[in-house]
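Notes follow once the structure below has been shown.
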Amino acid sequence: MKRVLAVLMENQAGALSRVVGLFSQRGYNIESLIVAPTEDPTLSRLTMTTIGDEKVIQQITKQLNKLIDVVKVIDLSASDYSESELMIIKLSNHKDTIKKIEELGGSIIYQDETILNAEFIGTSSAMDKVLSTWDDKNLLEVVRTGILGLSSNAKTLTI
Amino acid sequence: MNKQEVSGGEALMLSLQEEAVDLVFGYPGGASLHIYDALFQQQAVQHVLVRHEQGAVHAADGYARATGKPGVIFVTSGPGATNAITGLATAFMDSTPVVVISSQVKSHLIGTDSFQETDMIGVSRPVVKHSYLVKKPEEIPKVVKEAFHVATTGRPGPVVIDIPKDLTDASYNFKFSYPKEIDIRSYKPVDEGHSGQIKKAVKALLRSKRPIIYSGGGVIQGNASEELTKLVRLLNFPVTNTLMGLGAYPGTDPLFVGMLGMHGTYEANMAMHNSDLILAVGARFDDRITNSPDLFALDAKKIHIDVDPASLSKIIAVDIPIVGSAKTCLSQLIEELEKEKYEIDKDSLEPWWDQINNWKKEHGLDHNLVDKAPPKGKILPQQVVQSLYRETKGDAFITSDVGQHQMFAAQYYHFDKPRRWINSGGLGTMGFGLPAAIGVQLAHPGSVVACITGEGSIQMCIQELSTCLQYGLPLKIININNQSLGMVKQWQDMQYGGRLSESTYQGSLPDFIALTESFGHVGMKVEKYEDLQKSMEECFKMTDKLVFMDIYVDPDEHVYPMLEAGKSMQDMWLDKDKKTWE
Ligand SMILES: Cc1ncc(C[n+]2csc(CCOP(=O)(O)OP(=O)(O)O)c2C)c(N)n1
Ligand SMILES: [Mg+2]
C-alpha cells in the first residue's frame, strides 16, 4: 500500500544521507522523495512516498525517529491529507498544442517555434492523465517532483 | 582553566577531561599529528598505543563494557579510519558507548581525493548511532559534549567525530569554554515506562501460570541487574539470559535456567516455547533466539521493556510494549507489585517449576565433565571452560572471540555478576577477544582477566600481544585449539555432508608458544587431560605475566544443544544423533 510520510529534520549536511541510507540499509523502498528548507531555516521538511503494510510503516516511522537529525515524523496517509505534485513536460510545438495545454489546466513556461515547456500541478493520478493525452512522438521529456503532502486537519507538523 | 586561549587540539583534550576520560586507545598518523601533540602536552588523559586500529576500537569497547563508561579512540584519516569500521560495527550491534575521534584531511582538501582521504562520515554511517563532521575549531567542545551524551544515553551506541587536520592546528587559538548542559531537540530518550502499561504488565505477570523472564544486554548496559534480580525473586519466576545478557542475573542461582537461543540450554528453550507469558527486558527477539518468528512461543503473552521504541514489535508482535530504561521500568514493576492489593502466589508456579526441573534433569548441561577423563582421550573444550571456571572461582572477567569456544564459554562459565562476560554477540567479530581484554584489564588493573579464544580468532588481532607487553597487562589467554574453524566445521559436518571446505589449516598453524614468547610473554602447551587442571593452576599463579595457554582439544566436538533451522525453539539437536523432533 502507498504511504505518504512527512518528516521534519535538522537542516544540516549529512542529515538527508542518513534518511536515504536508512531506507536502503533496511530494505524499505522510496517511491518519491522531496525535500526543502522550511520557514524555520534550521529545519528541512521532507515528504516521502513508500510502499508497505502497517508493520513496515511502523518500523520505518520508528527507525526514522531514531535518527538523531530527525525531529518529527508523521504518516500523512494515516488520516485525511492533501497531496500535490509539480510536473514539467517538454512537447513538440504543433498548432493545437497550446490549446490542449490550456484545456488541461497547464501553463506554458517556455516556448519557441519547435518546443514548448508546460507546467502542471495536481495529484499524481491527474498528472498521469495529463501524460496519457500525448503520444511518445510529441511528448519529448517529463520531469516530476514527486508527491508533496499536507494533512487536512487542524494539526500541523511543527516543533 | 576554563577561559584560556587554546588550539583545536588542546580544546579536544580539555573537552575529554571535562568528560572525565582517563584513557584513550589509538594509533597516530599524518592527519592526527596536531592532536597527538596536544595529547603529549597534558597528563590527565593517558593514551594506549595499539598495533591496529581495529584493536583500538575493540579495546575501548571492552573498557566500556566492563565499566559502563564510554570508550574513546583516536584514529588518523583514511586507512586509520577504515580500520576502525569493524570495531564500530561491533559496538553498534551490541549497543555499546564508544566515541571514535577520527582525523580528516585539511578542510580545503576534502573532496579532492587527497592523500589518505576517506569519507569517514559516509563509510561509517550505517554502523554508528550518530556522527559529526566538525567545521570550525570553536565547535569542538560542543560536539564532544553532544557526542558523549548521544553515545551514553538511551540505547547506547558508537559515535564518530571527524575532525579535519587544520582545525586542530596550534597556530589558531580561541577561548575554551565547555558547555554545562546539552539539549538536542530531536533526541529525548524515554526513561520512565507508561504507568498504565506497567499496571497492565503486573496483572499479566500475576495471572500467568507458565511465565519466564527473558533478559538481554539492555539490562547490563542499563545497570539494571539489581532490579532484575529483585523482581525475579519477588515473583519466583524462571529467568533466562541471552548471550549478551549473561551475568545480569546470577548464573549460579536456582531460578536461572541458563542461556536461551541457538545454543541455549534445553530447559531454557523449552520453557520459552511452552510459556504462557514472556517478560522480555532489554532483549530484541533476535533471530538467534526466536529461530522462526512464526513458530515462536505461540501460547505466550508478550511484555517487552526496551529503551528503543524501534525494538518493540520489530520481529515479534508484543501484547504489552513498554518504552523506557530497564532500570526504571523494572523498579516501576517492583513498586507496583509490592502494593498491598496484589497477592503473589508463588505456590501456583509449582507445576511449572516441576516441568522445568524435569527438562533440566532430562537434557541439562553436565557441569562436571571435567571430573571424568574424556572418552576419546582428547581434552574436551567444555572441560577447558569448566577447569577455568574452577580455577578462577567464577570471578574472572572473561572476554571471548567467536566460534564454538565462545558458546562453550557462555554455557559453562557461570557469571554471577554483570559486566564480567564480554563478547561480540551481535556482529560476531572474530578478533574481538584479545583487544577487548586489554580494555578490561586497563579498566580493572587488579582483576583477573581471561580471554577464551580459538586458534582461528586469536590470529585476527594477535598483534595486540605487543601492546600487552608495552603496558604490562597480565592477561590469561585460553586458546581452545581444535585445529579448525570449529563453528564453520560444525555446520559443514551437520549440513554439508562433512565436506570441510576451507575450515582447516592443513598443518599450517603457528607454534603459538614460540609466537607468544617472541612477543615477550609466557606460553604453555597442554595436550593431555591429566595436565589440564595442573597447568591451569600454574597459569593463574603467574599473576604478573601474560600467559598464553595453547590447549589442544578434540577437533570433532560440536556445540549442543543447537536449534534446528526453520523450526521452533523446542526443536533442538542434543548431540550428534539425538534430536528432539521426529
Ligand atoms: C571476522 C570474522 N570472519 C569470519 C567469521 C565466521 N566464523 C564464525 S565462527 C568461525 C570459526 C572460528 O574459529 P576459531 O576461532 O578457531 O573458533 P572455534 O569455532 O574453532 O572454537 C568463523 C570463521 C566471523 N565470525 N568473523
Ligand atoms: Mg578453532
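The values are calculated or read from the model by the stated rules, or taken from the named source; none is laboratory data. The model shown is predicted, which means the values in this text are computed figures rather than measured ones. Here the Cβ is made from the backbone with ideal geometry for all residues, glycine too, and neighbour counts use every protein chain on show. Keep in mind that these areas ignore ligands, DNA and RNA; they rest on the heavy atoms of the full protein, side chains included. Shrake-Rupley method; radii C 1.70, N 1.55, O 1.52, S 1.80 Å.
For region B:195-363, build the charge dipole from Cβ charges (+1 Lys, Arg; -1 Asp, Glu) around the Cα centre, then report which of B:P238, B:S311, B:Q355 sits farthest towards its positive end.
Of B:P238, B:S311, B:Q355, it is B:S311.
Roughly how crowded by other chains is peptide B:481-492, in terms of the mean Cβ count from those chains within 10 Å of each of its Cβ atoms?
For peptide B:481-492, the averaged partner shielding equals 0.
Treating only the Cβ atoms of Lys and Arg (+1) and Asp and Glu (-1) as charged, compute the dipole magnitude of chain B about its Cα centre; round to the nearest 20 debye.
Using only the charged Cβ atoms, the result is roughly 780 debye.
With labels modelled as points extended 7 Å from the Cα through the Cβ direction, what inter-label distance (nm, one decimal) is found for A:D40 paired with B:D294?
Taking the simple label geometry, A:D40 and B:D294 are separated by 4.6 nm.
Select from B:P555, B:P97, A:S24 the residue farthest towards the positive end of the dipole of the protein assembly as shown; place +1 on Cβ of Lys and Arg, -1 on Cβ of Asp and Glu, and compute about the Cα centre.
Value computed over the given set: B:P97.
At B:D371 and B:D276, where each label point lies 7 Å from the Cα along Cα→Cβ, what is the point-to-point distance in nanometres?
Inter-label distance under the simple model: 3.8 nm.
Run down the lysines and flag those whose C-alpha is under 24 Å from the C-alpha of B:K175, throwing out any fewer than 8 positions away in its chain.
B:K3, B:K106, B:K135, B:K136, B:K142, B:K145, B:K165
For region B:150-264, what's the relative contact order in percent, using C-alpha pairs closer than 8 Å and at least 6 residues apart? Could the numbers behind the result be given before it?
Details: 96 pairs, mean separation 21.5, N = 115.
Normalised by residue count, the contact order of region B:150-264 is 19 percent.
For chain B, what are the DSSP H helices with axial Cα length of 27 Å or more and mean Kyte-Doolittle hydropathy of at least 1.0?
TM-like helix candidates: nothing returned.
Could you check what % of the DSSP bridge pairs in the protein assembly as shown are antiparallel, to the nearest 5?
In the protein assembly as shown, DSSP labels about 45 percent of beta bridges as antiparallel.
Consider a paramagnetic label point 7 Å from the Cα of B:S177 along Cα→Cβ; state which residues of region B:116-142 have an amide N under 13 Å from it.
Taking a point 7 Å out along Cα→Cβ of B:S177, the residues of region B:116-142 whose backbone N falls under 13 Å are B:142.
List the residues, sorted by chain then number, that are 5 or more residues from B:G247 or on another chain and whose placed amide H is less than 5 Å from its amide H.
B:F415
Can you give the accessible area buried between chains A and B, summed over both chains, with a 1.4 Å probe, in Å² to the nearest 100?
It comes to approximately 1600 Å² buried between A and B.
Can you give me the long-range amide H partners of B:R210? Hydrogens built in the peptide plane at 1.01 Å from N, cutoff under 5 Å, separation of 5 or more residues or another chain.
It is B:D276, B:L277, by chain and number.
Averaged over A:54-60, how many beta carbons belonging to a partner chain fall within 10 Å of each residue's beta carbon?
2
Which whole-Hz couplings ³J(HN,Hα) result when phi for each residue of region B:419-427 is put into the Karplus expression 6.51 cos²θ - 1.76 cosθ + 1.60, θ = phi - 60°, listed in order with x for Gly and Pro?
3J(HN,Hα) across region B:419-427, in whole Hz: 6, 9, 10, 10, 8, 8, x, x, 8.
Could you state the accessible area per residue of region B:369-563 in Å², with a 1.4 Å probe and every protein chain left in place? Don't skip to the end; give the middle numbers.
Values: 7210 Å² over 195 residues.
Per-residue value: 37 Å².
Any idea what the dipole of region B:166-301 comes to, in debye rounded to 20, about its Cα centre with Lys/Arg Cβ at +1 and Asp/Glu Cβ at -1?
640
Going by Cα centres, region B:62-103 and region B:34-58 are how many Å apart?
13
Carbon and sulfur atoms: what percent of the 1.4 Å accessible area of the protein assembly as shown do they account for?
In the protein assembly as shown, the share of accessible area belonging to carbon and sulfur is 52 percent.
Label chain B by shape, choosing from rounded, prolate and oblate, from the square roots a ≥ b ≥ c of the eigenvalues of the Cα gyration tensor; if a/c is under 1.5 it is rounded, and otherwise prolate applies when a/b is larger than b/c, oblate when it is not. Can you show the working numbers first?
Details: a/c = 2.00, a/b = 1.24, b/c = 1.61.
Taking the square roots of the gyration eigenvalues as a ≥ b ≥ c, chain B is oblate.
Using only atoms on other chains, find how many Cβ atoms lie within 10 Å of each Cβ of peptide A:19-27 and report the average.
Numbers: counts 0, 0, 3, 2, 0, 1, 3, 1, 0.
Per-residue shielding by partner chains comes out at 1.
Pull out the extension gain between B:K209 and B:I334, defined as 0.36 nm times the separation in residues minus the alpha carbon to alpha carbon distance; nm, one decimal.
Contour length minus Cα-Cα distance gives 43.1 nm.
If I take all pairs of Cα atoms in the protein assembly as shown, what percentage of them are more than 35 Å from each other?
Pairs farther apart than 35 Å: 53 percent.
How large is the dipole of region B:404-493 about the Cα centre if only Lys and Arg carry +1 and Asp and Glu carry -1, each at its Cβ, rounded to the nearest 20 debye?
In debye, rounded to 20, region B:404-493 gives about 220.
Leaving out ligands and nucleic acids, note down the accessible area per residue over region A:2-78 with a 1.4 angstrom probe, in whole Å².
Ligands and nucleic acids excluded, the result is 42 Å² per residue.
Give me the distance between the Cα centres of region A:32-110 and region B:491-505, rounded to whole Å.
52
When the chain is fully extended, how far beyond the present Cα-Cα distance does A:H94 get from A:I159, taking 0.36 nm per residue of separation?
Once the chain is fully extended between A:H94 and A:I159, it gains 18.4 nm.
To the nearest 0.05, how large is the calculated FRET efficiency for B:K200 and B:S348 if R₀ is 22 Å and r is the Cβ-Cβ distance?
E(calc), rounded to 0.05, equals 0.65.
Count charges around A:N117 for me, please; just the other residues with Cβ under 15 Å from its Cβ, Lys/Arg as +1, Asp/Glu as -1.
On the way: positive: A:K90, A:K100, A:R144; negative: A:E102, A:D112, A:E113, A:E119, A:E141.
Surrounding charge for A:N117 is -2.
Sorted by average packing, counted as other Cβ atoms within 10 angstrom per residue and highest first, what order do B:272-284, A:45-57, B:45-57 take?
B:272-284, B:45-57, A:45-57
With both partners inside region B:369-563, how many of the DSSP beta bridges are antiparallel, as a percent to the nearest 5?
Once the DSSP bridges in region B:369-563 are tallied, antiparallel ones form about 5 percent.
For a 29 Å ceiling on Cα separation, which of these pairs sit above it: A:K66/B:K200; B:K393/B:K579; A:K95/A:K129?
In this structure, B:K393/B:K579 exceed 29 Å between Cα atoms.
Decide, for region B:25-92, between rounded, prolate and oblate: order the square roots of the alpha carbon gyration tensor eigenvalues as a ≥ b ≥ c, take rounded if a/c falls under 1.5, and otherwise choose prolate if a/b is larger than b/c, else oblate.
oblate
Local charge sum around B:L231 (other residues, Cβ-Cβ under 12 Å, Lys/Arg +1, Asp/Glu -1)?
So the surrounding residues net to -2.
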